[in-house]
Every structure is written in structure tokens, then in C-alpha cells.
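Asker: Mind looking over this structure? Questions follow.
The values are calculated or read from the model by the stated rules, or taken from the named source; none is laboratory data. In this text the structure is predicted, and so the values were computed from the model without any measurement. Using ideal geometry, Cβ is built from the backbone for each residue, glycine included, and neighbour counts are taken over all protein chains shown.
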Amino acid sequence: MGRFTYQTLTNHFLEDSAKSFPDKVALIHEDVRATYGQINAKANQLARSLINQGVTKGDRVALILENCLEYVISYYGVTKAGGVVAPLNTDLKPDGLRPLLGELTPKVVISSSRFERILKATDLSTFKVQALLLRDPKLKWSFALFPVLPLDDLISDEESSNLGIQIEESALASIIYTSGSTGKPKGVMLSHCNIVSNTHSICQYLYLTEKDIQMVVLPFFYVMGKSLLNTHFAVGGAIVINNKFAFPATVIKQMADEEVTGFSGVPSTYAYLLHRSPLVDYRGKLDSLRYCSQAGGHMSRRIKEELQRSLPEHTEIFIMYGATEASARLTYVEPGRFEDKMDSIGKPIPGVTLRVLDEKGQEVFIGQTGEFVAAGSNIMQGYWKQPKATRSVLDQDGYHTGDLGFQDREGYFYVTGRKDNLVKVGGHRINPQEIEDVFMATGLVLEAVVLGIPDELLGQRLVAVVVPRGEECSEKEILNRCAQRLPKHKLPGKVKLVRALPKSTSGKIERNMCFELIKLQSSTIPGS
Amino acid sequence: MSEVREIIRVFIVENFLFGNEDGLGDETSFLDEGIIDSTGILELVNFCEEEFSITVEDDELVPENLDSINNVVAYLQRKAA
């Protein structure tokens, strides 16, 4: 851990590893194999170009890029120049991009040919963008009111040494927009200190070293993807980028071929992997796979158990919990307690304290339910240009996660639901997560979401939207199975069978869009 | 097979491109062009299984079989052989 002493800024992860392991392969993506020395040199060249374009300390630079070498060069290059990296969701269309760009007012936007049409339709000139840097541009930009420059041209200068710009640890390093699955997206402001402290904690509990090789299928714009990049670069490990998780067989094969040591995903990643991949057939070929980690929301017990059965015996499972507002991570379950603490999110990671508070801000007793409130040097600075939203979650106690749960006698935390997801049916306050778990436990469904929709009589009533495992499975059969485990008031009155649940690019289920799905079906199917 | 090609094209255009088929060539990669994500691939697989009465095995879920209209048509041809 000694080398971490020299890492106080986000860009130090790369600079430190480039110094210690200049010729070591840091990134693998299709035919690309880039060393730390090469990536650091390119990031330095980009930083100089950004400064030439007028980027100064604190200026925002928006990234609209798929996972690739250029993303990594840009991410570190911007921070080297003293800028603030704002990676945006690559799924956004012009209507979604405009409010974020209006809020960020980025001086420069870095993107690729894949997004050229969307960028043209967005009209970047209205946001005072001073330059657009494009990887492999294909369209004509002759009428643009700002320079449009090929990224390759800006990372081929001769001067490639570190810049050594003085940047405070407390300076902003990144603004990451939360997925906005509930409400308006918010830009989470993370300082260098936030990211560096959290990165070091994660390296510590995952025992990461320069021998680790991570398979990355999560997007870097998502906080968990970002932390995979930072943690592995902090220790001099390597990342394998595979953007084809839609074809899981190719991912599993590459994991075996590249002797990957770590794989990370959100619940839907594992649901998909277990349902439609040759994971079990590859058990004997994943000798190097040291661990799998899961975060990004509650994963049902059934999937956890199935995952354990499907992985090689030597592969450990880390269940983790966090938030964008916490730079990524807050707690984890050590693999040795995976089985007996299966429903837990674990204990706080080094440097984090987590408490369960009631509505008055008082700490509750062991076993009692309250809101999780986190403190530590990883907690965000606030939401970008949204002081009201910031005040609603940050106070002297720390960051109010909005997650409800309790702590057991051994200090393990358990999430029981979201403060804003509770459904009130008649006089009962119902936690959808509990019902979703029952649906999953039937073994008949692949994914399930339980929602409360307005009802004149009850205030709200429950509707489940589920993806059945097999075609022959009916709504009635699923409900009958659930009725054996649920009291009547917790049994959804209706079950909608769908082929897939709407998800964000990072794989999280979009609850808002599930509501739309019900509305849509209700309006098109008479009598439903 | 031109009928199969048309069936696949219509499915992609109606379900993922909201009726606008601009830029969708027979060789266009669904993933690289952001037309379909992993959820969409499953929908495509379900559609193929139902429409053409086939079973897509887990190890057949690879880009060579499913990542463009041409690839899907060729895959269905192989399955029918």
C-alpha cells in the first residue's frame, strides 16, 4: 500500500503506474493493447491540447464516449489539465443531453463518430462549447460555430511528459450524473479527494494488486464502471473492455482467454449471465477468476445462490453497496460471510461510517429500521447547480442515502427498501422489494418489478411487471405460487408479463419506464 | 430467404428504430450503432425462436450469428439446413 502515499489526485493513478510499470499492458480492447506508458503519454498530450483550447482549472469537459482507449485517455487527460470530467450517459438523445449540457456549460466536448448525428441534432453552439473533439469523425462539420477536431490529431504531439499542474485535493475532479431512474438527473460533484480515498479503500478490501485483470462490461460513465478503471489503474493492474455483453458467450470466452481475475456487474448483469450464457460450461476454464463483485442495487437470494453454484469453487463473491454520491462504495460483505449474511449489504468499507437514523435524526436500536446515513471522505460535495437538492440529502450527519434498513448485532447492514419507493395500499405501507424477492423465489421469473399505481379506493394498488423464464408460464401460475408466501394485501392484483424490463445502459431497471409500460398496455389492450 | 430478411428488418425497425430505418444496412452492426442492447438481443432471440420455431443455444449468442441483418439471416439458414 506504500505507493498509495503518492496518489492524492485522480490522475496520479495513471501517472504512478506509468512510472512503476511503463511497459505493462494496462488496457485491452478488441485489437488494442495499450501500456501504461503509452496511455500516460497520450493523456499528457491531450491535456496540453485542452489547455491550448482554453481549458483552465475547474472548466467542465463533457465525455460522450463508449468504453474505449480514448475514453481512458480523455478521463485522465482532462484531470491532468485541471478540468472537471463530466461523463454523460451514451444512451441520451438530444432531448436528454440538452438540459445536462445547459447545466454543465462544458468548454469542450469529447465524443466519437457513433454520436455525431446526436451531437449535430443537439446543436452544441447554444451551450457555448468552444471545441468538439471527435474520435474518428465521419460527418462534415463545415458549418459548426466552433472547431471540430479529430481526437487523434491532438494526441500525437512529441511532448508527452507529465504536466505537473498544481491541483488541490479538494478541487472537483468529476461530475457524474445519477441515472435519474426516479426524477430529474442530478450531477454528483466528486473531488479528487473523494475519488482517491474511495479508490484506495476498494483496492484494500478487494486485495487488488498489479496482477489483477478486470473484465469491464459496465460503462465508464456509470460510477461503478469508473471505479473499476480507477482501482485497477491505482494498483497497476489491467482492464479488459468488452462492449458486447449482449453476447455473453463472447465475454466469458474472453475472460478465459485473457485470464481475467475479476468480473463485476449489477443484478441484471448476473441475471442475464445465468440465464443466457455458457458460464457453467466454462467453470473449468476460468482458473484465474479470483472473484466476482456485485453492486448497483439489491440482487435476489435466488440469483446469488445460482451464481455461487455456477462459478468455479475458487471464485469468491463480493456483494457490495454504494451510491454515486459516495464516489461508488459504502459497504461490502466479505466473501467468507457470503452464505450466512446473504441478505446483507455488509459492513462499511475502510474510511466510511454508516448509521441508521430515524426521522428525527436519532440513531435507532439494533434491528430497528431507519434511513442509512453515510459519512467519510468519499461523500460528494453536492449536486452541481442544485443547492436545494443538495440540502435535502447532505447535512451535519452526512449523506442521507434514501435507503431504509437495519443493522444486526454483528454490525451487518440490511437494506429493506427505498424511502421513495414505499407503496401505501389501504392502511398498509408496503415495501416492493420484499414482494419482488418472492416473485424471484418462485423460480418462474427472470426479473420482477412491483409498482404502486393510483387507485381511487385504496390510494394505491400493486402491479407486478415480470419477465417469465419460460413461454408456457402464465400470470395465474406465478400469482398462485406467490400467494403461498404472501399475505393477501401484499399480493399484486395484476401481473403483466413482458419480454424484458426497461433498463438504463448500466443495467439498472428503470422503474419510471415500467410505469409507462403499464400505462401503454392499459391504453392499448381493452379491458386490461 | 428474402422473405426472412424482410421479416427480420421489419422487426428491428418497428421495435428498436421506431419505424425509422435510416442508416440500417444489411451489414450494420446492431451493437456498434447502438440499435440494440442486451435486452434487445434477448427480444430478437425470442422473436426468432417463436417466428422460425428454432432454439437459440447459449453458445450461439454471438455477434457472428445475431449482430446484423445479414448475420441473422445466415444463422437462420444454417439452423434450417
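Asker: Do we have A:Leu151 as farther than 28 Å from A:Tyr383 by Cα and either under 23 Å from the mean Cα position of the chain (by Cα) or in contact (Cβ under 8 Å) with a residue 40 or more places away in the chain (or both) here? Working first, answer last.
Answerer: On the way: farther than 28 Å from A:Tyr383 by Cα: yes; either under 23 Å from the mean Cα position of the chain (by Cα) or in contact (Cβ under 8 Å) with a residue 40 or more places away in the chain (or both): yes.
For A:Leu151, the condition - farther than 28 Å from A:Tyr383 by Cα and either under 23 Å from the mean Cα position of the chain (by Cα) or in contact (Cβ under 8 Å) with a residue 40 or more places away in the chain (or both) - is met.
Asker: Quickly run through region A:138-156 and pick out the residues that are more than 20 Å from A:Val78 (Cα to Cα) and surrounded by 15 or more Cβ atoms within 10 Å (Cβ to Cβ).
Answerer: A:Trp141, A:Ala144, listed by residue number.
Asker: Let me ask you something else. Would you please name the residue that is nearest to B:Glu57 (Cα to Cα), looking only at residues in region A:242-260 that are surrounded by fewer than 23 Cβ atoms within 10 Å (Cβ to Cβ) and either more than 12 Å from chain B (Cβ to nearest Cβ) or of a type in the set (Gly, Ala, Ser) (or both)?
Answerer: Of everything passing the filter in region A:242-260, A:Ala249 is nearest to B:Glu57 (Cα to Cα).
Asker: Tally the residues that are surrounded by fewer than 19 Cβ atoms within 10 Å (Cβ to Cβ) and in contact (Cβ under 8 Å) with a residue 24 or more places away in the chain, restricting the search to region A:396-409.
Answerer: Qualifying residue count, region A:396-409: 6.
Asker: Looking at region A:465-504, which of the residues that are under 30 Å from A:Val217 (Cα atoms) and more than 14 Å from chain B (Cβ to nearest Cβ) is modelled with the highest pLDDT?
Answerer: Filtering first and then ranking leaves A:Val466.
For every residue, the table says whether it meets (1) out of contact with any helix residue (DSSP H, G or I) (no Cβ under 6 Å at 6 or more places or on another chain); (2) among the polar types (S, T, N, Q); (3) more than 25 Å from A:Thr505 (Cβ to Cβ).
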residue: B:Val4; (1), (2), (3): no, no, yes
residue: B:Val10; (1), (2), (3): yes, no, yes
residue: B:Glu21; (1), (2), (3): no, no, no
residue: B:Thr28; (1), (2), (3): yes, yes, no
residue: B:Asp37; (1), (2), (3): yes, no, no
residue: B:Glu43; (1), (2), (3): yes, no, no
residue: B:Glu57; (1), (2), (3): yes, no, yes
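Asker: Name every residue in region A:433-457 that is of a type outside the set (Gly, Ala, Ser) and in contact with a Leu (Cβ under 7 Å, 6 or more places away or on another chain), in order of residue number.
Answerer: If the condition is that a residue be of a type outside the set (Gly, Ala, Ser) and in contact with a Leu (Cβ under 7 Å, 6 or more places away or on another chain), then A:Ile435, A:Val438, A:Glu447, A:Val449, A:Val450 are the ones that fit.
Asker: If you go through region A:245-275 one residue at a time, how many are under 22 Å from the mean Cα position of the chain (by Cα) and within 21 Å of A:Glu447 (Cβ to Cβ)?
Answerer: 19
Asker: Could you count how many residues in region B:30-44 are under 19 Å from B:Gln77 (Cα atoms) and more than 8 Å from every other protein chain (Cβ to nearest Cβ)?
Answerer: Count: 1.
Asker: Within region A:98-120, count every residue that is within 14 Å of chain B (Cβ to nearest Cβ) and either buried (at least 21 other Cβ atoms within 10 Å of the Cβ) or within 20 Å of A:Tyr36 (Cα to Cα) (or both).
Answerer: Here the count works out to 4.
Asker: Counting only residues that are among the aromatic types (Phe, Trp, Tyr), give me the strands (runs of 3 or more DSSP E) lying completely in region A:411-455 with at least 2 of them.
Answerer: Those strands (runs of 3 or more DSSP E) span A:413-418.
Asker: Is it the case that A:Thr231 is among the β-branched types (Val, Ile, Thr) and away from chain B (no Cβ under 14 Å)?
Answerer: yes
Asker: Check B:Leu17, B:Leu24 and return the single one that is among the aliphatic types (A, V, I, L, M), more than 11 Å from every other protein chain (Cβ to nearest Cβ), closer than 29 Å to A:Ile64 by Cβ and surrounded by fewer than 17 Cβ atoms within 10 Å (Cβ to Cβ).
Answerer: B:Leu17
Asker: Further, regarding this structure: Give A:Glu70, A:Glu66, A:Glu30, A:Glu15 a once-over and let me know the one that is within 30 Å of B:Asp37 (Cα to Cα), over 21 Å from the mean Cα position of the chain (by Cα) and among the charged types (D, E, K, R).
Answerer: Numbers: A:Glu70 fails: over 21 Å from the mean Cα position of the chain (by Cα); A:Glu66 fails: over 21 Å from the mean Cα position of the chain (by Cα); A:Glu15 fails: within 30 Å of B:Asp37 (Cα to Cα).
The unique qualifying residue is A:Glu30.
Asker: What helices (runs of 4 or more DSSP H), lying completely within region A:16-122, carry at least 1 residues that are under 23 Å from B:Leu31 (Cβ atoms), touching a residue at least 12 places away in the same chain (Cβ under 8 Å) and β-branched (Val, Ile, Thr)?
Answerer: A:69-80, A:116-122
Asker: Turning to a different aspect of this structure: Which is farther than 29 Å from A:Arg329 by Cβ and touching a Ser or Thr at 6+ places or on another chain (Cβ under 9 Å), of A:Leu151, A:Leu172?
Answerer: Going through A:Leu151, A:Leu172 in turn, just one is farther than 29 Å from A:Arg329 by Cβ and touching a Ser or Thr at 6+ places or on another chain (Cβ under 9 Å): A:Leu151.
Asker: Those residues that are more than 26 Å from A:Gly426 (Cβ to Cβ), without any contact (Cβ under 8 Å) to a residue 60 or more places away in the chain and in a loop (DSSP other than H, G, I, E, B), I need them from region A:456-484; list them, please. Break it down stepwise before answering.
Answerer: Filtering region A:456-484 for residues more than 26 Å from A:Gly426 (Cβ to Cβ) gives A:467-474, A:477.
The next check asks that each one be without any contact (Cβ under 8 Å) to a residue 60 or more places away in the chain; those that pass are A:467-468, A:470-474, A:477.
Passing the criteria: A:Gly470, A:Glu471, A:Glu472, A:Cys473, A:Ser474.
Asker: A further question follows. Quick one: which residue in B:Arg9, B:Arg5 is touching a residue at least 24 places away in the same chain (Cβ under 8 Å), over 30 Å from A:Asn89 (Cβ atoms), more than 14 Å from every other protein chain (Cβ to nearest Cβ) and basic (Lys, Arg)?
Answerer: B:Arg5
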